[in-house]
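The values are calculated or read from the model by the stated rules, or taken from the named source; none is laboratory data. Keep in mind that this is a model prediction, so the values were computed, not measured. Reconstructed Cβ throughout: ideal geometry from the backbone, glycine too, with neighbour counts over all protein chains shown.
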């Protein structure tokens, strides 16, 4: 099968971990025998934006065409709108930019179907392209496209409904998102759930990595260490985590917190840490190369993700693959993989007291931590690999192509 993937989320020099789950899925599809070409639209950067910071300059300098591990990637520029009442129009502007490049691609790559990631703007683009090229359209929803974007105004909601109703097949990364999407619009076919995965050979607990990473961060071997990986933004619960750790630190001065990631609220996080006694025990290491994440997870004892909303975060799957017990909020698809009191603990979002109580329980019960971590690894091994994800996807593709004949 020849698959054209549309995803604004895809690794690049600007952000090597952006849409890493899309990249991993593409690689797994190739292992299943699929040929894949990726179109990853990039915002158009006005000249004066380059003066604001280096990020915009890097975006502007991204090549229009490149090859990553055997996959051709096209990055057409489109006029991007901020995520407010006008966000719904982004799909229209993206389609106008993508259509031209896909016309060129179609002359050298006879794709069988189009697979978009996120409902808007990418799903809308795929929907329009499917009509133009008379090819089936598949769209995967990941989280924000259902949890947040429909609330950005009537246009965003209308676009979301159009894609859910019009796509030949909607795919969800969790049952939670499936149910929520079906409440917004009736899909053409029943929504399929295809879980994300992780590389279980790379994401595994490693004692040597644990020792070396703790030594590098100046964390004593006997310390109890929490770890967070993700975007540094309010909706990821980063401020609840800092508040909880501040309380925890007063009781356990040997406790440490590793924060891996970057985001819009990084300066606020740094400001909070500069005023707290715990600052020497909080290790803000920034965004890290993806292949280094298992080392950081191995260095930690407990993975914490107090998000306000989620689809089914890959970071949780990765932590469980590394045999780390998970403390996470009871939101989105998280309860579908984190079994309360079995593979970790579920807490309520925006609740520092509940979060602190769960952390204290696991810090005081090392044997329970080990048991939960082991159970989590078994769950990941049972059904959360990229190979299984690709197998399910190719089965979905085959069904859609059979219907289209």
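Here residue 114 passes the criteria (1) over 23 Å from residue 2 (Cβ atoms); (2) in contact (Cβ under 8 Å) with a residue 60 or more places away in the chain; (3) crowded, with 18+ Cβ neighbours inside 10 Å; (4) in contact with a helix residue (DSSP H, G or I) (Cβ under 6 Å, 6 or more places away or on another chain) except the one numbered (1).
Got at least one residue in region 123-133 being part of a helix (DSSP H, G or I), without any contact (Cβ under 8 Å) to a residue 12 or more places away in the chain and out of contact with any helix residue (DSSP H, G or I) (no Cβ under 6 Å at 6 or more places or on another chain)? Scanning region 123-133, I find at least one residue that is part of a helix (DSSP H, G or I), without any contact (Cβ under 8 Å) to a residue 12 or more places away in the chain and out of contact with any helix residue (DSSP H, G or I) (no Cβ under 6 Å at 6 or more places or on another chain), so the answer is yes.
Number of residues in region 338-354 that are free of Cβ contacts under 8 Å to residues at least 24 places away in the same chain and in a helix (DSSP H, G or I) equals 2. Within region 193-217, being in a helix (DSSP H, G or I) and either loosely packed, with under 14 Cβ neighbours inside 10 Å or free of Cβ contacts under 8 Å to residues at least 40 places away in the same chain (or both) holds for 207, 208, 211, 215, 216.
Here the condition is being over 22 Å from residue 218 (Cβ atoms) and surrounded by 19 or more Cβ atoms within 10 Å (Cβ to Cβ); of 231, 261, 237, 243, it holds for 237 alone.
Condition test on residue 220, is it in contact (Cβ under 8 Å) with a residue 12 or more places away in the chain and closer than 26 Å to residue 23 by Cα? The answer is no for residue 220. The set of residues in region 168-192 being out of contact with any helix residue (DSSP H, G or I) (no Cβ under 6 Å at 6 or more places or on another chain), assigned to a loop (DSSP other than H, G, I, E, B) and more than 13 Å from residue 333 (Cα to Cα) consists of 186, 188, 189, 190.
Of the residues in region 376-393, none is under 23 Å from residue 26 (Cβ atoms), free of Cβ contacts under 8 Å to residues at least 12 places away in the same chain, outside the structural domain of residue 294 (by TED's automatic domain parsing) and part of a helix (DSSP H, G or I).
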